[in-house]
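What follows is one structure encoded as structure tokens, with my remarks underneath.
Rule-based calculations on the coordinates, nothing more; no lab input. Quick caveat: nothing in here was measured; it's all calculated off a predicted structure. No Cβ is skipped: glycine too gets one built from the backbone with ideal geometry, and neighbour counts run over all protein chains shown.
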Amino acid sequence: MKDEAETIQFKGSFTQQEPMPDAAITAATAVLKHGRLHRYNLAADEVGEASLLEREFAAYTGADYALAVTSGGYALATALRALDIAADEPVLTNAFTLAPVPGAIAAVGASPVFVETTEALVIDLDDLVAKARESGAKVLMLSHMRGHQPDMDKLMAVAEAHGLVVIEDCAHTMGGTAQGRISGRHGKIACYSTQTYKHLNSGEGGLLITDDADVAARATLLSGSYMLYERHGAGPEASVFEPFRDETPNVSGRMDNLRAAILRPQLELLPNRVARWAALHDAMEDALRGAPGLHLIDRASGLERVGSSFQFLMPDKRGPWIADFVARCAARGVELKWFGAERAHGFTSTYRHWAYADRPLLPRTDSVLAGLLDMRLPLTFTLQDCEVIARIIRDETCFAG
Ligand SMILES: *Cc1c(COP(=O)(O)O)cnc(C)c1O
């Protein structure tokens with residue numbers, strides 16, 4: 001007979017985000033009513049929502065320049081193009097990342113070079129040095145996967161010592177900080193996503209920031225600015241574009257005014273969202289601490305992590321047990337993603353699945369990913385939801401086998 005604890009079910013949805021704030025609906029409605037959705041379609045003296053978003057995002061991050069584009073993955077590929085990464089050039093990236101990162105590298109014809117990931121889910125700096133030497137790469141596309149970041153001061157010192165330009169993938173760190181700076185302010189370029197599952201939601205969308213005027217000009221031209229780049233809200237002066245304007249291809253990927261209108265009011269809510277994610281993440285961590293066989297991820301010092309997802313390790317369990325554990329949790333309404341699965345599934349894949357790229361032997365990463373479980377923590381969850389979810393996970397970790 002099953003006792004009561006075993007039959008508790010979680011009824012919430014791991015993929016349900018919050019509705020749009022009223023201010024976003026009002027702003028979006030205004031754009032729909034006037035009909036000028038294209039960012040360069042402006043009335044006399046109108047600045048436009050896309051430009052305003054760029055200005056506000058530059059102000060928020062403290063970057064000199066910001067560019068709004070169609071997606072986070074597009075922003076990453078644009079960053080590489082703006083740095084003139086040539087076909088077949090090696091580009092370093094951490095092996096624990098999401099498919100759009102090696103995808104962006106492949107999009108410019110370059111070759112991802114995967115670097116080992118540690119048990120703290122961050123890039124292994126020793127392996128970074130080794131791979132930088134071996135490959136001769138000039139760029140590190142550092143993905144802050146699931147919000148985990150190395151000590152960014154240390155990382156930048158290593159990068160500098162090896163002549164690496166750093167592009168930060170901040171899809172999971174927007175709103176967070178590292179070593180006292182807003183995430184994305186250590187590298188030369190940072191890219192963010194405003195896809196529905198990230199920290200601001202416009203369905204699809206991306207942002208790129210930099211302090212480098214030439215990079216900003218090239219990225220703007222690449223995004224499909226035609227010769228209307230002076231209509232951008234946080235771009236360099238027109239003179240900076242001169243040497244690039246005729247030789248930079250238009251790789252169309254602009255953001256439109258409708259999405260920007262939806263995003264601007266959300267940007268104001270970001271600090272509040274980060275605080276609420278921290279509360280959910282803390283609650284989950286407290287409730288799972290000490291569960292048998294389950295290791296929490298070490299909290300990095302100097303990091304204000306955005307708790308929009310939760311990871312834990314089950315290093316002592318074998319694959320079939322974990323597959324079964326995931327299925328048992330799912331049967332009780334708890335949706336866990338496992339990075340050790342044989343085949344890519346849903347949004348979850350690992351470097352071993354990306355057969356278009358070279359897949360080196362990465363024993364440390366493999367052993368981490370084999371026991372790595374992950375779940376979303378949407379802001380529609382309550383602290384009570386976290387307790388129910390944790391209780392189900394705890395029950396199922398006790399399952400023998
Ligand atoms: C979502 C995501 C991206 C890319 O974002 P899209 O807007 O979906 O292209 C890049 N890196 C990571 C780690 C992500 O999670």
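Here are some notes:
- So residue 54, is it touching a residue at least 60 places away in the same chain (Cβ under 8 Å) and either touching a Gly at 6+ places or on another chain (Cβ under 7 Å) or of a type outside the set (D, E, K, R) (or both): yes
- Residue within region 244-257 that is part of a helix (DSSP H, G or I) and either under 26 Å from residue 18 (Cα atoms) or touching a Leu at 6+ places or on another chain (Cβ under 6 Å) (or both) present: yes
- Counting only helices (runs of 4 or more DSSP H) wholly contained in region 1-113, the ones carrying 2 or more residues that are in contact with a His (Cβ under 7 Å, 6 or more places away or on another chain) occupy 49-61.
- Residue in region 119-133 that is surrounded by fewer than 24 Cβ atoms within 10 Å (Cβ to Cβ), touching a strand residue (DSSP E or B) at 6+ places or on another chain (Cβ under 7 Å) and of a type in the set (Gly, Ala, Ser) present: yes
- Note on region 185-206: among residues that are more than 8 Å from the ligand (Cβ to nearest atom) and out of contact with any Gly (no Cβ under 8 Å at 6 or more places or on another chain), the one that is farthest from residue 40 (Cα to Cα) is 186.
- Residues located in region 43-101, provided they are more than 18 Å from residue 217 (Cα to Cα) and among the β-branched types (Val, Ile, Thr): 47, 61, 91, 93, 97, 101
- All conditions but one from (1) surrounded by 18 or more Cβ atoms within 10 Å (Cβ to Cβ); (2) touching a Pro at 6+ places or on another chain (Cβ under 9 Å); (3) not aliphatic (A, V, I, L, M) apply to residue 232; the one that does not is (2).
Residues checked against (1) over 19 Å from residue 121 (Cα atoms); (2) touching a strand residue (DSSP E or B) at 6+ places or on another chain (Cβ under 7 Å):
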residue: 154; (1), (2): no, no
residue: 157; (1), (2): yes, no
residue: 166; (1), (2): no, yes
residue: 170; (1), (2): no, yes
residue: 175; (1), (2): yes, no
residue: 179; (1), (2): no, no
residue: 183; (1), (2): no, yes
residue: 194; (1), (2): yes, yes
residue: 214; (1), (2): yes, no
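- Residue 173 within 16 Å of the ligand (Cβ to nearest atom) and of a type outside the set (Asp, Glu): yes
- Residue that is nearest to residue 273 (Cα to Cα) [pool: residues in region 347-401 that are in a loop (DSSP other than H, G, I, E, B) and of a type in the set (S, T, N, Q)]: 380
- Residue list for region 195-221, restricted to those being assigned to a strand (DSSP E or B) and either over 21 Å from the mean Cα position of the chain (by Cα) or of a type in the set (Val, Ile, Thr) (or both): 209, 210
- Exactly one residue out of 161, 120, 130, 137 is more than 16 Å from the ligand (Cβ to nearest atom) and under 20 Å from residue 306 (Cβ atoms): that is 120.
- Filtered residues of region 59-79 (kept if crowded, with 20+ Cβ neighbours inside 10 Å and more than 13 Å from the ligand (Cβ to nearest atom)): 61, 63, 65, 66, 67
- Qualifying residue in region 360-370 (condition: over 30 Å from residue 151 (Cα atoms), surrounded by fewer than 17 Cβ atoms within 10 Å (Cβ to Cβ) and of a type outside the set (Val, Ile, Thr)): no
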